[in-house]
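Peer 1: Sending over a structure as C-alpha cells; questions will come in a sec.
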Amino acid sequence: MTRQLLLLALLAAAPAAWSAQPCAVEIHGTDQMTFDKAAISVPKACTAFTVTLSHPGAMPKNVMGHNWVLSTQADMQGVLDDGQKAGEAQDYLKPGDTRVIAHTRLIGGGEQDSVTFDTQQLKAATPYSFYCSFPFHSTLMKGTLTLGS
C-alpha cells in the first residue's frame with residue numbers, strides 16, 4: 001500500500017513540476033558590444049538561479065571580453081569604478097567586492113561561463129542591474145533583473 005501512495009503522490013506533483021518556470025537563462029555578449037537581453041525576470045519559486053553567458057563572437061577577451069555582473073542599481077557605478085582599477089587580471093572586478101551579488105568570469109569569443117546564485121539575496125522592491133564590467137562596455141551592455149511572480 002505504501003508504494004501505491006508514493007506513486008500517487010509523485011503523479012499528483014508531476015503537473016506542477018512540468019509547469020514550473022525555468023530557474024536559468026542564457027545571455028549572449030557579442031563583438032558588437034551588446035547583450036541579447038535587456039531584462040531578466042527571476043521566478044519567485046526559484047531558490048537558485050543560473051545565468052550562462054556565451055560570447056558568440058571571435059574577438060579575444062583582452063579586446064572584446066565580456067562578463068555578466070549583478071548588483072543593485074545603486075551599487076553599479078561603484079562596482080564599475082573599482083573594477084576598472086582592478087584590471088583585466090581580476091576580470092574587471094574588485095576582489096571580494098560585497099556589492100557584487102553574482103558574476104561570471106571575463107570571457108572572449110567562442111567561450112562561455114555560468115554562475116548560480118541564491119535568490120534569497122534578492123528583495124522584490126530593490127532595483128537590480130546586470131552589466132558587463134569591461135571598461136566602458138556597461139554603457140551599452142546593461143539590463144535589469146527583477147524578482148518575478
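Just so you know, all these numbers are worked out from the coordinates, no wet-lab data involved. Here the structure is a predicted model, which is why all the values come from computation and not from measurement. Every residue, glycine among them, receives a Cβ derived from its backbone with ideal geometry; neighbour counts consider all protein chains shown.
Peer 1: Mind grabbing the base-10 log of I(q)/I(0) for segment 35-81 at q = 0.16 Å⁻¹? Debye formula, identical points on the C-alpha positions, no solvent, two decimal places.
Peer 2: Log10 of I(q)/I(0), two decimals: -0.67.
Peer 1: Just checking the chain: which Cys have no other cysteine's beta-carbon under 4.7 Å?
Peer 2: Result for the chain is CYS132, no neighbouring Cys Cβ within the cutoff.
Peer 1: Could you tell me what a quarter of the Cα convex hull surface of the chain works out to, in nm² with one decimal place? Let's see the in-between values first.
Peer 2: Details: hull surface 42.5 nm².
Mean orientational projected area (the chain, Cα hull): 10.6 nm².
Peer 1: What ranking of SER138, SER71, SER54 emerges when the number of other C-beta atoms within 10 Å of each C-beta is taken as an exposure proxy, fewest first? It would help to have the intermediate numbers written out before the result.
Peer 2: On the way: SER138 21, SER71 24, SER54 18.
By the 10 Å Cβ count, ascending: SER54, SER138, SER71.
Peer 1: Sticking with this structure for a sec: Compute the helix-to-body angle for 2-19: its Cα long axis versus the longest principal axis of the chain, expressed 0 to 90° and rounded to tens.
Peer 2: That works out to roughly 40 degrees.
Peer 1: What distance in nm separates the simple spin-label points at GLN73 and ARG99, each placed 7 Å from Cα in the Cβ direction?
Peer 2: My value for the distance between the label points is 1.6 nm.
Peer 1: Give me the percent of Cα-Cα pairs in segment 98-137 that sit more than 15 Å apart, rounded to a whole number.
Peer 2: For segment 98-137, the fraction of Cα-Cα distances above 15 Å is 54 percent.
Peer 1: So which of LYS85/LYS123; LYS61/LYS94; LYS85/LYS142; LYS94/LYS142 end up more than 24 Å apart by C-alpha?
Peer 2: LYS85/LYS123
Peer 1: Once the Cα atoms of helix 76-86 and of the chain are each reduced to a long axis, what angle between those two axes, in degrees from 0 to 90 to the nearest 10, is obtained?
Peer 2: Roughly 60 degrees, rounded to the nearest 10.
Peer 1: Give, in nm to one decimal, the length gained when the segment between ALA39 and ALA24 is fully stretched (0.36 nm per residue of separation minus the Cα-Cα distance).
Peer 2: Gain on stretching ALA39 to ALA24: 4.1 nm.
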